[in-house]
Structures are given as C-alpha cells and as structure tokens.
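A short write-up of the structure that comes next.
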Amino acid sequence: MTVASRKRWPTVDVDLYSRDTLSHPHEAYRAIREGGPVVWLPRNRVWAMGRFADVRAALRNDVLYRSGDGVSLNVVVNRLLRKTTLGSDGETHSKRRKVLMHSLAAKALARIEPVLDTEADAAVEDLLRRQSFDGVADFASRLPVRVVGDLVGLQVDRNKLLSWGRGSFDGNGPMTNWRVLRATPTAISVWLYTARLNQSRVTPGSWASFVLAASERGELGRSEAKNMVIDFVGPSLDTTILATAQLLWSLGENPGAWNRVRRHPELIPKAVVEAVRLASPVRGFMRTLARDDEIDGIKLQAGQRVALLFASANMDEEQFPNPGRFDLDRRGGNLGWGHGAHTCVGMHLSKLEMEALLRAMTPRVGSVQVWRPRRLINNGLQGLRTFQARFQPATPARFGLA
C-alpha cells in the first residue's frame, strides 16, 4: 500500500473493496488519512476522505456533497435507491425523512422501551444458562430480529430480512467486484418486493403501514412510499446487530470497563456510543460533488465521486487518542451513525436496543468472556460475523453487595 504524489494530487494505491482491505481495513484507512484531507484511489477511480474533521465537514455540507446521484459505486443499486430517503437531497430528503421519523424519533420510540427491556431480560436469562453462545447470532441479533422485525411489519421470514439487508450492503461496490455481482440480484429482489407492497401485505399499524399510508395522505408518491420501506431494513437490523456485537466483544475484552458499567449504570450510554465508534458498522457512503471545489490546494470537479469513510474517521488519532481502545471516558461524538442531514434514521432505536441489553446484564452478569472472532467480509458493512461468548453469573459477594 503506497501513497504517491501524482498529477498534483495525493494518490493511494488501495482497493476499498478487495478482500485484503475488508479483512484488514484499518491499514487502508490509515494510508488514506496519511495521504491527505482527500486522496485519489486509482483502483476505484474515486476520491476518498478519511480524516474525522474532513468527513464531518463534508457530511454537514449536503448542498455540495450530494446523495441524490447515489451513495454507492454500483449504478444499479443507485438507481434502485432513487426514491428512498438515503438516495435523496434537499426538500425531497426532508419530506421523506419526516415520514420515517414519525416511527423512529426518540419520542415515538419511548413506548417500545418496556418491550425491549422485557425481551432483553429474557435474552440474558437464556444466555446465562448456556455454556457458551454466539455473540452475534444469539446476543446481538435477538432484539432486532424478534422485536424490531415485528415493528417494521413486513410479512417475510426474519432471516430473509437479514439476508436482504446484508446482501444490499454488499452490493455497494463497483460492478467489477465479484461480491457486487453476487449481491446485486439481492438488491433487485428487495426492490421488486417493495414495488408489490400494499396494506394487505404488511402488518396493520406497523412502520411500513404508516409509510404506505403517507401516499394515501398525499405526503408521498405511491412508488416513493413503497421504495422507502427499504430505508427500514438496514438501520433496523444489520447496523444495530454489528454495533451490538462490538459492544459485547469490547466488554469481554475489557473486564475493567464491564465492572465499571456494572457499578455505575449511568455509564451505559457512554459504553454504547464508544462501541458504535469502534464498530462503525457502515464503512462509508459515496457522495457526488454538486460543483467544483478545492481542498487544501487539491482541485475536485463537479460530478466527481467522493467516498466519505466514517470508519476511517472514527479511528483518526487526531480526534481520538489511542483510537483502538474502548474508553468509557472518551468525550465528544463520532460518525458511527453518520452526521448532518443524513444522520442514521435508526440511531435512537439502536441506542435503545443496546442500552436495554446492558440494563439487563448489569445485575445478572458478573463477567463476560469472548473468543474466536471471525470478521464479516462485506463491501458496505464491517464488524464481527461471529464469535463465541460466555456469561458468568453475578453473585452478591462478587458484586460487593454481601
């Protein structure tokens, strides 16, 4: 991996979508950050930003860095997402986001907290009885699959929802990538499914039902409302699962941090935010320049694509000292949920799920053991695909209560 000055701009010889990069992403991210505020990736023929301050500034400037031409290098996926919230800008984006936030805003989600707490309690009690369990399939996936899947209201098998979400993210690379070629049919099948949606095909009173009803109220076009149901799949499932898996892994790897959380439950929100930073489940999204721009003497032209790498920004040493460490005392926000106008619509939901699991664990789990991690290889997502874990039950004496 080399950085060179070529054609008056910094060039980094890395393929964002190669198996080597996906297996060892932080080496590639570091090379991009060291290359400059924006660097050219000749293998992918795009610009890339990897430093925290630059990525955050670009996300704030959604007038210049546009999503409407697609957030992927896959032209097919970009076309399929034209009528979603993710693939829109300006007033159109605001209108679509307002409809989604009716279900996903913090105030709207308050009513489901007791449901999440009940399911989290049951999950922890179940896992305490096991000799070991899969930290992703058995712990991190439980609330998204059992609770959130029902709230979305699509009448399909929950495992199919998971494969849809993960497959769609895998389609976010260039069409020359074999994982993209394998995943693109999945993205098309999701789009075809939503195109056939109507109120008889979703659960009455569900989130999907409300979005479809928005077309009847005149707030959205008919096809627009159907396509927007796609916006629930990723934020509700894969991204939260990967962040939750990182949370459990980090607590298992840092027993001192887990002991602090047990003794000081007010640290639970900080633990969640720090896990999301480390996980950065969405590696990044593409943006298209609306006009010419210049960054630190580097000239970019209107219509060029820029990869905004959230995962790299969240490991920027200039912003996060010792970025690989799980630190409950770390201050400030991160870009794990994005930033600006396109901040993840599922952010509040993700927080509630992760916090519910920690609330269920603190009185019951004395220690967390984790081992045998295997990394997810996906063009759009990053994190742990599987790992083994064990909960050691808490005792009053061990917790200092005897």
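Key figures for this structure:
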{"quantity": "Complete set of residues in the range 99-139 that are modelled with pLDDT under 95, crowded, with 19+ Cβ neighbours inside 10 Å and of a type in the set (G, A, S)", "calculated": "S103"}
{"quantity": "Output for the range 68-83, where each listed residue is crowded, with 23+ Cβ neighbours inside 10 Å and more than 19 Å from the chain's Cα centre (by Cα)", "calculated": "L80"}
{"quantity": "Qualifying residues in the range 57-67 (those that are crowded, with 21+ Cβ neighbours inside 10 Å and within 19 Å of G333 (Cα to Cα)) - the one nearest to the chain's Cα centre (by Cα)", "calculated": "L59"}
{"quantity": "Candidates Q246, Q304, Q319, filtered to the one that is among the polar types (S, T, N, Q), closer than 26 Å to A53 by Cβ and crowded, with 24+ Cβ neighbours inside 10 Å", "calculated": "Q246"}
{"quantity": "Answer residue from the range 324-337, given it is more than 18 Å from G284 (Cα to Cα) and out of contact with any helix residue (DSSP H, G or I) (no Cβ under 7 Å at 6 or more places or on another chain) and is surrounded by the fewest Cβ atoms within 10 Å (Cβ to Cβ) among those", "calculated": "R331"}
{"quantity": "In the range 172-223, residue surrounded by the most Cβ atoms within 10 Å (Cβ to Cβ) [restricted to those that are of a type in the set (S, T, Y) and within 21 Å of the chain's Cα centre (by Cα)]", "calculated": "T184"}
{"quantity": "Among residues of the range 144-174, those that are assigned to a helix (DSSP H, G or I), in contact (Cβ under 8 Å) with a residue 24 or more places away in the chain and under 20 Å from L349 (Cβ atoms), counted", "calculated": "16"}
{"quantity": "Selection count, the range 301-331, where residues are of a type in the set (F, W, Y) and in contact with a strand residue (DSSP E or B) (Cβ under 7 Å, 6 or more places away or on another chain)", "calculated": "1"}
{"quantity": "Qualifying residue in the range 229-238 (condition: closer than 22 Å to H24 by Cβ, touching a strand residue (DSSP E or B) at 6+ places or on another chain (Cβ under 9 Å) and not aromatic (F, W, Y))", "calculated": "yes"}
{"quantity": "Subset of the range 234-266 (residues that are under 22 Å from R283 (Cα atoms), out of contact with any Cys (no Cβ under 9 Å at 6 or more places or on another chain) and polar (S, T, N, Q))", "calculated": "S236, T240, T244, Q246, S250"}
{"quantity": "Helices (runs of 4 or more DSSP H) fully within the range 33-136 counting 3 or more residues that are farther than 30 Å from G173 by Cβ and among the β-branched types (V, I, T)", "calculated": "113-128"}
{"quantity": "Qualifying positions in the range 303-333 - among the β-branched types (V, I, T) and touching a Gly at 6+ places or on another chain (Cβ under 8 Å)", "calculated": "none"}
{"quantity": "Any pair with Cβ under 6 angstrom, 6 or more apart, that starts in the range 260-278 at a residue that is farther than 21 Å from A394 by Cα and surrounded by fewer than 19 Cβ atoms within 10 Å (Cβ to Cβ) and ends at one that is of a type outside the set (S, T, N, Q) and at pLDDT 95 or above", "calculated": "K270/L328"}
{"quantity": "So R277, is it at pLDDT 95 or above, charged (D, E, K, R) and within 17 Å of the chain's Cα centre (by Cα)", "calculated": "yes"}
{"quantity": "Residue in the range 284-295 that is among the polar types (S, T, N, Q) and closer than 16 Å to G333 by Cα present", "calculated": "no"}
{"quantity": "Close pairs (6 angstrom Cβ cut-off, 6 or more residues apart or separate chains): of a type in the set (A, V, I, L, M) in the range 321-336, crowded, with 16+ Cβ neighbours inside 10 Å and in a loop (DSSP other than H, G, I, E, B) anywhere", "calculated": "L335/N314"}
{"quantity": "Pair list, Cβ < 7 Å and 6+ apart or interchain, from the range 34-46 residues that are without any contact (Cβ under 8 Å) to a residue 40 or more places away in the chain to residues that are crowded, with 23+ Cβ neighbours inside 10 Å and part of a loop (DSSP other than H, G, I, E, B)", "calculated": "R43/V14"}
{"quantity": "Members of the range 361-386 found to be under 19 Å from the mean Cα position of the chain (by Cα), assigned to a strand (DSSP E or B) and surrounded by 20 or more Cβ atoms within 10 Å (Cβ to Cβ), listed by number", "calculated": "L381, L384"}
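The values are calculated or read from the model by the stated rules, or taken from the named source; none is laboratory data. Bear in mind that the values here come from a model prediction, so they are computed numbers and not experimental data. FYI the Cβ positions are ideal-geometry reconstructions off the backbone, even for glycines, and counts take in every protein chain you see.
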